[in-house]
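Report on the structure given below.
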Amino acid sequence: MNCRIYFFIITLAFLGLSGYGCSDYVSDAEKRVQSADWAKMKTETVILKEYSFIPADLVLEKGTPYKLRIVNTGRVKHYFVSKGFFKAIATRKLQSNADGEIKAPYFTAIEVFPKRSLDLYFIPVKKGTYGLVCTIKGHAQKGMIGKIEIK
Ligand SMILES: [Cu+2]
């Protein structure tokens with residue numbers, strides 16, 4: 001086989017396995033959210049601060065309903081952005097602990113103000129490892145990166 005084509009196929013396979021392919025958002029999210037047993041929901045917490053995510057490696061189980069508490073303990077606002085992860089989950093809602101909740105099929109970015117928190121309710125659907133980053137200028141370079149694994 002032509003070496004270049006072989007390399008191309010391997011690359012495509014890797015992208016597919018790692019969850020960075022061109023797959024779309026979870027299209028049947030609403031059905032998954034409605035049929036899930038939310039009494040079995042697990043709660044996880046991720047802390048955002050200058051300049052890290054704690055834990056930097058989140059591990060979630062496919063099919064389990066979750067509440068992910070995204071807590072900013074820092075002095076400045078931070079972003080929780082993981083394009084691959086947002087496409088890999090069935091999103092139920094994003095809830096503020098003071099002001100209400102937002103229902104949407106998916107999110108592309110979540111911003112949390114200093115000393116505030118937001119709760120993301122979702123079900124992991126697609127296995128893979130997804131990069132997590134704070135997209136505020138300079139924060140990733142200072143260490144605000146992580147990863148989320150769905151297994
Ligand atoms: Cu940040």
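All of the numbers you see were taken from the coordinates with simple rules; none came from a lab. What you see is a predicted model, and the numbers here were worked out from it, not measured in a lab. Don't worry about glycine lacking a Cβ; one is built from the backbone with ideal geometry, like all the others, and counts go over all protein chains shown.
With respect to the cross-link table entries 77/137; 42/77; 42/87; 31/93, which display a Cα-Cα separation exceeding 18 Å? Show your work: numbers first, answer last.
Details: 77/137 12 Å; 42/77 26 Å; 42/87 20 Å; 31/93 14 Å.
The answer is 42/77; 42/87.
Would you mind calculating the gained length between residue 42 and residue 101 on full extension (0.36 nm times residue separation, minus the Cα-Cα distance), in nm to one decimal?
Details: separation 59, 0.36 × 59 = 21.24 nm, distance 1.88 nm.
Extending this stretch completely gives an extra 19.4 nm.
Taking only Cα atoms of segment 24-150, what ratio of Rg to Rh do you get with Rh as the Kirkwood inverse-distance radius? Don't jump to the answer; show the numbers that get you there.
Details: Rg = 13.8 Å, Rh = 14.5 Å.
Expressed as Rg/Rh, it is 0.95.
Centroid-to-centroid, using Cα positions, segment 81-151 and segment 21-70 are 8 Å apart. The loop-placed chymotrypsin sites (Phe, Trp or Tyr not before Pro) in segment 30-101, going by DSSP, include none that has at most 12 neighbouring Cβ atoms within 10 Å of its Cβ.
Extending 7 Å from Cα along the Cβ direction at residue 50 and again at residue 113 yields two label points whose distance is 1.9 nm.
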